[in-house]
Amino acid sequence: MKNYSAEDLMVIYQQKSPELAFLAFEELYRRFSAKVFSFLLKKCKNQADAEDLLQKVFIKVHESKHLYQDKYKFEQWVFVIARTSLLDHFRANKRYVARVEKLAQRPDEAETVVSAADYGPDLDLKRLDEDQREMLEMKYIDQLSYQEMARLFNKSEGSLRKMVSRLVINFRKGEV
Amino acid sequence: MNQVPNQLNQKILSDIKSRLHPDLKILFLKLFAIHVTTAVATLSVCPQFGVAIFRTNLNLMDVFMKISPQFCDLACGAFFTMVSVLSALLILSRDELRALRHQQLLAALTLTLSSIGFLIMLNPQMFVQFTFLWVVGCLAGSFLSLGLGTRVLKFS
C-alpha cells in the first residue's frame, strides 16, 4: 500500500474488499492524520477538542468516501472536511458560550427556569458540584441535546443520559 | 508536527475496521428480514400461490407463461429473490452491501433456501409443483442482481 498515491488508495478504499479497504484507510490515516491533527490543534488551541474533531473528520471521510472523485487531490478533500468540521464545532461552541454568558449575567433567572421546569420550589443549584450544575443547565436551560452535551463533556451519550436522570430522581427524592 | 496520541489512533482505526466488517450474523438476519417482508408482499399479489390478497390486472405470470412454462418457472424464481435484493440495496448501508458482495454466494443461498422454506411452511403442496428451474431462478436472480447492484454502487 505504501507505493500507491493517496488518490489510488482512496479508490481501493471506496471499491475493493473490506480487508483491502481497511488497509488503504490505514495507510491514508498514517499519511494524513498528523497533518490534520496539527491543523485542528492550531485552529482550536485545545488538545481535547482537536482529538475529538480528528475522530469526527475521519468518520466523515469514511461516511462520505463514495462522494470522493479521483480528479480531486485527497489531501485537499480531507482538509475541506476538516475545515467544515471545525466550523461546525465553532458554531456549536459559540452558541453554547453565548447562552452561558447570558445566564451568568442573570443567575437568579437560571435557577427560576430550572425550578419551574422540573424540580419544585426547594431547588438549590448551589448544592450541586460544578459538573452536575453545568449538566442540568445545559439540558434544561440551554436545551442542548445529549449528543451535543456528550461532545462538550467528552462522555458517551448513554452515560450522560443516566447521570442526568439520576440527578433528576435524586432531586425529586430530595437527596441532593 | 503534532503527534496524534496512540490511543486515539487505535480508537479511530478500530472504529473504521468495525464499520468495514459488519457482524455477518446481524447482516444476514437483516437480509432475511428484508426477504420475509418482500416475500409476503410478492406472494400477496401472486395469482398462482393462491393468497392473492390484492387482485390486479397486472399479471406477470401470464406474460412469463406466454414465452414458455419453463421460462415462467425460472423468471418467477428470479423475480422472487430479485425484489428482495433490490430492497436490500436501498435499505442496507454501503459498508453492509460491500460485505454482502464479498459473501455473494452465501447471500444467494440464504435467499434461495429461505424462499423454499417459506413455500414449504405456507403451502407444501404448492412447493411440490415447483420445479428445479424455479430454484435455479431464485439462485441466479439473487446472485446476479446482487452482483450487478453492488457493481453499480462501484464495489468490485
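The values are calculated or read from the model by the stated rules, or taken from the named source; none is laboratory data. Note that the structure is a prediction, hence the values are computed from the model and not measured. Cβ placement follows ideal geometry from the backbone for every residue including glycine, while neighbour counts extend to all protein chains displayed. Please note that ligands, DNA and RNA were not included when accessible areas were found on the heavy atoms of the full protein model with its side chains. Shrake-Rupley method; radii C 1.70, N 1.55, O 1.52, S 1.80 Å.
Being under 13 Å from the mean Cα position of the chain (by Cα) and over 21 Å from B:N6 (Cα atoms) is a property that A:Y68 lacks. Within segment B:29-50, restricting attention to residues that are surrounded by 15 or more Cβ atoms within 10 Å (Cβ to Cβ) and assigned to a loop (DSSP other than H, G, I, E, B), the residue that is modelled with the highest pLDDT is B:C46. Inside segment A:44-54, can you point out the residues that are in contact with a Pro (Cβ under 9 Å, 6 or more places away or on another chain) and open to solvent by less than 60 Å² (accessible area, probe 1.4 Å)? The answer is A:E51, and nothing else. Filtered by the rule that a residue be out of contact with any His (no Cβ under 9 Å at 6 or more places or on another chain), in a helix (DSSP H, G or I) and not hydrophobic (A, V, I, L, M, F, W, C), segment A:4-33 gives A:E7, A:D8, A:Q15, A:E26, A:E27, A:Y29, A:R30, A:R31, A:S33. The set of residues in segment B:1-49 being touching a Phe, Trp or Tyr at 6+ places or on another chain (Cβ under 7 Å) and within 14 Å of chain A (Cβ to nearest Cβ) consists of B:N2, B:V4, B:I12, B:L13, B:I16, B:K17, B:L20.
Taking the condition crowded, with 21+ Cβ neighbours inside 10 Å and in a helix (DSSP H, G or I), does B:S87 pass? No; evaluated as a whole, the condition is false for this residue. For A:V57, the conditions (1) within 25 Å of B:V152 (Cα to Cα); (2) of a type in the set (A, V, I, L, M); (3) crowded, with 20+ Cβ neighbours inside 10 Å all hold with the exception of (1). Just so you know, in segment B:1-22 the residues that are open to solvent by 80 Å² or more (accessible area, probe 1.4 Å) and in a loop (DSSP other than H, G, I, E, B) include one that is farthest from B:S93 (Cα to Cα), and it is B:M1. Within segment A:67-100, restricting attention to residues that are exposed (fewer than 13 other Cβ atoms within 10 Å of the Cβ) and within 14 Å of chain B (Cβ to nearest Cβ), the residue that is farthest from B:I12 (Cα to Cα) is A:Q69.
Of all residues in segment A:1-29, those that are at the interface with chain B (Cβ under 9 Å from one of its Cβ atoms) and surrounded by fewer than 16 Cβ atoms within 10 Å (Cβ to Cβ) total 1. I'm checking my understanding of the structure. Among residues of segment B:90-133 that are under 12 Å from the mean Cα position of the chain (by Cα) and surrounded by fewer than 16 Cβ atoms within 10 Å (Cβ to Cβ), which one is farthest from the other protein chains (Cβ to nearest Cβ)? Applying the filter and picking the extreme gives B:L113.
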